[in-house]
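Q: The structure's right below; bear with me while I get my questions together.
The values are calculated or read from the model by the stated rules, or taken from the named source; none is laboratory data. Given the structure is predicted, the values throughout are model-derived calculations rather than measurements. Here Cβ is always computed from backbone atoms with ideal geometry, including for glycine, and neighbour counts include all displayed protein chains. Areas reflect the complete protein model, heavy atoms only, side chains present, ligands, DNA and RNA absent. Shrake-Rupley method; radii C 1.70, N 1.55, O 1.52, S 1.80 Å.
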Amino acid sequence: MKVLTANRLIDGEAVWFGSDQRWHETIDYAEVARDKAADERLERLGKEAFARNEVVDVDLIDVELLGGEIRPLRLRERIRAAGPTNRTDLGKQARPRPADEGFAAGI
Amino acid sequence: MYRYDEFDHSFVQARVAQFRDQVDRRLAGEITEDQFRPLRLMNGVYLQLHAYMLRVAVPYGTLSSKQMRMLAHIARTYDKGYGHFTTRQNIQYNWPALSDIPAILADLASVEMHAIQTSGNCIRNVTADHFAGAAADEVADPRPYAEILRQWSSVHPEFSYLPRKFKIAVTGAERDRAAIQTHDIGLHLKKNENGELGFAVWVGGGQGRTPILAKKIRDFLPEEHLLSYATAIVRVYNLHGRRDNKYKARIKILVHETGTEEFARQVEAEWAALKDGALTLPEADIRAIESYFVPPALAARPEGDAAVKLARLDSRSFGEWLDQNVVTHKHPDYAAVTISLKGIGEVPGDATDSQMDAVADLAERYAFDEIRVSHEQNLILPHVARADLKAVYDRLVEIGFATANSNLITDIIACPGLDYCALANARSISVAQDISRRFASLDRQKDIGELKLKISGCINACGHHHVGHIGILGVEKKGAELYQVTLGGSGDENASIGEIIGRGFGPDEITDAIEKIVDTYLAHRSGPSEKFLDAYRRLGPAPFKEALYASEAKAA
């Protein structure tokens, strides 16, 4: 399983591509690709977003679903999705959880 | 301190305007990322895991209070209230928005600072002994020469696209506090038998994936030839350095593959064509630059001895701090103070905006407006009257910067690692914090004595692990962090590259492993005066291997 991630051009914020076709500031709303065709579609959308200068450093990353939550397989991506492990007051981990936040965090 | 002249001011202002335009055009989609990336890197802007990162140059680690206050202002206004002082005596901000960076650069320019050449394949910030101008053992202040090199190397048309980055360090004392042997060029300022100033020139040192110590290619280069000789070296490198393979592109590989003698011959041949030409430094110009670095007029403050004696009787913790973080100054009534950015369990090198402001206030009030950043990620007040030490200490206690651990095991160098860095394979900060907490007891640290522990989160070695007495390198193995330990490294005048001791340790094992190493040293040292590094050099790796791995060998 994979999700599409990047950093937003204007401020560098780590973002993930959602099933609503928008970039979100947390991984929770990311569209999960479950087969090769879906991977390729996300990859293509990533390239298009890069070409439109919305995002940079676009990457398709491996994830798993744990209790319904998306969890990247690599530690690097888990830290990107959460924030520095030594500063839990910073990054995504310092924000309200998705249940409180709604689906409005897209850009 | 060096002051910008009119040319410097207009140059830096023009550069800010140029980058503002480049950012505007990038955000408007007029230039692509491939076109923009090299432009942003030339201005110190990286893209890291969570955000952009801006690396600001602190030439030879010297700052005024006004500049430190501006660094605090930037942390507060554009970032998340802190900055990270680096092993190149620079500062990095971890969260700036690209759209804010032109404004940040304009703010920096207003205090004669910039981010030019803090990235890219050019000559980077020239570093120097952080006690320069204050150290009792120096022959002369190395910073005027670092400044001359800075002016020469800034947007040098021939050397802006080298095969790879290029780092120069200068020390003015026999005791090398600038780690010159791990630099592309290391300069040791000294006097010859006639009392004239010049340099021993070392070339081809570096860490990264292929750690190599520099080779001395000239024992004495008269000062006036500094730029012609440096040009000859960089020219030979620019011509022959490998551009086909990023991992073999540093000058250390060229020197190694060419052979020191042949490399030196090529440099001398190049130099023969340059010597006594336009690059010869006029005596008057050297002395003019030097005049910017004349130490402040240090009035006699003989009351310091009695004041320090009294305060020591009054406060044990002040006495401990004096013993560890205060060093002898050229002037007997003064001292140089190390402000530890290594509080127990804290992030090595991090300082908040209010801590930066407080240090700026201290420097203004008690230290002639001068602050240094050390490559060991601490701050230095180079000129403090001994009579004022207690007042400085009391304020440092209030802001959490009075940990008495300079050169002890918790005075750890650590790169940002996987918590921030896009290149990292493993975390460094969390390992540093764990080790710091394990060895929190100052009595225990003092019993262990001088021990330089350095941690890198990837093979690029920003945390200088190769030259740590104990070095830790984080790698990724089967998707997990693994920490490889090296022993016996050193970045001083008796430099050495640490040796890998054996298989690596997981994040939950590494602190125990470090403790075993330390306990083994304590058990085997000839006495309390034998430092860790000396004991390792005498004993070799065997007892440490035994302590770390014997039980598993037996089990197998």
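Q: Compute the FRET efficiency between B:Thr32 and B:Arg243 as 1/(1 + (r/R0)^6), taking r as their Cβ-Cβ distance and R0 = 22 Å, and round to the nearest 0.05.
A: 0.40
Q: Given labels modelled 7 Å from the Cα in the Cβ direction, how far is it in nm from B:Ala103 to A:Lys36?
A: Taking the simple label geometry, B:Ala103 and A:Lys36 are separated by 4.9 nm.
Q: Taking a cut-off of 16 Å between Cα atoms, list the lysines near A:Lys47, but don't count ones fewer than 8 places away on the same chain.
A: By straight Cα distance, A:Lys47 reaches A:Lys2.
Q: Run the numbers on chain B and let me know its relative contact order in percent, using alpha-carbon pairs under 8 Å that are six or more apart.
A: 13 percent
Q: Among the Cys residues of chain B, which have no other cysteine Cβ under 4.7 angstrom away?
A: B:Cys122, B:Cys421, B:Cys458 - these cysteines have no disulfide-compatible partner (Cβ-Cβ under 4.7 Å) in chain B.
Q: Is any helix in chain B, taking whole DSSP H runs, at least 24 angstrom long along its axis by alpha carbon and on average at least -1.0 on the Kyte-Doolittle scale, and which ones?
A: B:6-27
Q: Right, another one. Relative to the present Cα-Cα distance, how much length would full extension add between B:Lys545 and B:Ala278 at 0.36 nm per residue of separation? The partial results should precede the final answer.
A: Working: separation 267, 0.36 × 267 = 96.12 nm, distance 5.65 nm.
That works out to 90.5 nm of additional length.
Q: Can you send over the carbon and sulfur percentage of the accessible area for segment A:33-89, probe radius 1.4 Å, protein chains only?
A: Values: 1520 of 3200 Å².
About 47 percent, which is the carbon plus sulfur part of the accessible surface.
Q: Also, quick follow-up: Determine the distance separating the Cα centre of segment B:74-113 from the Cα centre of segment B:158-203; give it in Å without decimals.
A: Result: 28 Å between the Cα centres.
Q: Using a 1.4 Å probe, what is the accessible area per residue for chain B, in Å²?
A: I get 37 Å² per residue for this part.
Q: Pull up all non-local amide H partners of B:Ala173: gap of 5 or more, or a different chain, and H-to-H distance under 5 Å with H placed in the peptide plane.
A: Here B:Val139, B:Leu189 satisfy the definition.
Q: Taking a point 7 angstrom from the Cα of B:Leu522 along the C-beta vector, which residues in segment B:397-419 have backbone N less than 15 Å away?
A: B:409-410
Q: Which whole-Hz couplings ³J(HN,Hα) result when phi for each residue of segment A:73-79 is put into the Karplus expression 6.51 cos²θ - 1.76 cosθ + 1.60, θ = phi - 60°, listed in order with x for Gly and Pro?
A: 6, 7, 4, 3, 6, 5, 5
Q: Given a Förster radius of 30 Å and the C-beta distance between A:Asp11 and B:Arg209 as r, what FRET efficiency does 1/(1 + (r/R0)^6) yield to the nearest 0.05?
A: Numbers: r = 32 Å, r/R0 = 1.08.
Efficiency, from the Cβ-Cβ distance: 0.40.
Q: Among A:Leu73, A:Leu90, A:Leu45, whose mean-square fluctuation peaks in a Gaussian network model of chain A (Cα, cutoff 10 Å)?
A: Taking springs between Cα atoms under 10 Å, the residue moving most is A:Leu90.
Q: Distance from a point 7 Å along Cα→Cβ of B:Lys477 to each backbone N in segment B:401-442: keep the residues under 11 Å and list them by number.
A: none
Q: What residues qualify as long-range amide H neighbours of B:Ser119, i.e. H under 5 Å apart, gap of 5 or more or another chain, H built at 1.01 Å from N?
A: B:Gly44
Q: Can you tally the net charge around B:Ala311? Count Lys and Arg as +1, Asp and Glu as -1, for every other residue whose Cβ sits under 15 Å from the Cβ of B:Ala311.
A: Here the count lands on 0.
Q: If you don't mind, there's one more thing I want to ask. For the residue pair B:Asp323 and B:Glu268, what label-to-label distance in nm results when each label sits 7 Å from Cα along the Cα-to-beta-carbon direction?
A: Reported label-point gap for B:Asp323 and B:Glu268 is 5.1 nm.
Q: Shifting gears a bit: First check a/c for segment A:2-98, with a ≥ b ≥ c the square roots of the eigenvalues of its C-alpha gyration tensor; if it is under 1.5, answer rounded, and if not, answer prolate when a/b is larger than b/c or oblate otherwise. Before the final figure, lay out the partial values.
A: Working: a/c = 1.90, a/b = 1.25, b/c = 1.52.
It is oblate, given that a/c is not under 1.5 and a/b is not larger than b/c.
Q: Next up: What number comes out for the charge environment of B:Arg525, summing +1 per Lys or Arg and -1 per Asp or Glu over other residues with Cβ under 13 Å away?
A: Working: positive: B:Lys531, B:Arg537, B:Arg538; negative: B:Asp447, B:Glu450, B:Asp519, B:Glu530, B:Asp534.
Local charge sum for B:Arg525: -2.
Q: Work through the residues other than B:Val23 whose Cβ is under 13 Å from its Cβ and net out their charges, Lys, Arg +1 and Asp, Glu -1.
A: After counting each charged neighbour, the total is 0.
Q: Between B:Glu530 and B:Asp219, what is the label-point separation in nm under the 7 Å Cα-to-beta-carbon projection?
A: 3.3 nm
Q: Can you return the lysines within cross-link range of B:Lys215? Criterion is Cα-Cα under 30 Å, with same-chain partners fewer than 8 residues away left out.
A: By straight Cα distance, B:Lys215 reaches B:Lys165, B:Lys167, B:Lys190, B:Lys191, B:Lys246, B:Lys248, B:Lys252, B:Lys275, B:Lys452, B:Lys454, B:Lys531.
Q: Of B:Leu539, B:Thr32, A:Gly12, whose Cα points farthest to the positive end of the dipole of the protein assembly as shown (charges on the beta-carbon: +1 Lys, Arg; -1 Asp, Glu; origin at the Cα centre)?
A: Most positive-ward Cα: B:Leu539.
Q: Computing the accessible area with a 1.4 Å probe over protein heavy atoms, can you report the carbon and sulfur percentage for chain B?
A: 50 percent
Q: Could you pull the accessible area for B:Glu30 with a 1.4 Å probe, rounded to 10 Å²?
A: The accessible area of B:Glu30 comes to roughly 120 Å².
Q: Using 0.36 nm per residue, how much length does the chain from B:Ala136 to B:Lys191 gain when fully extended, once their Cα-Cα distance is taken away?
A: Length difference between fully extended and current span is 18.2 nm.
Q: Suppose we keep just the DSSP beta bridges with both residues in segment B:413-555; what percent of those would be antiparallel, to 5?
A: Once the DSSP bridges in segment B:413-555 are tallied, antiparallel ones form about 65 percent.
Q: Please compute how much accessible surface disappears when B pairs with A, both sides summed, using a 1.4 Å probe, and round it to the nearest 100 Å². Walk me through the intermediate numbers first.
A: Numbers: alone 21730 and 6300 Å², together 25830 Å².
Accessible area lost upon association: around 2200 Å².
Q: Additional query: By accessible area of protein heavy atoms, probe 1.4 Å, what ranking do B:Tyr292, B:Tyr483 get, highest first?
A: Sorted by accessible area, descending: B:Tyr292, B:Tyr483.
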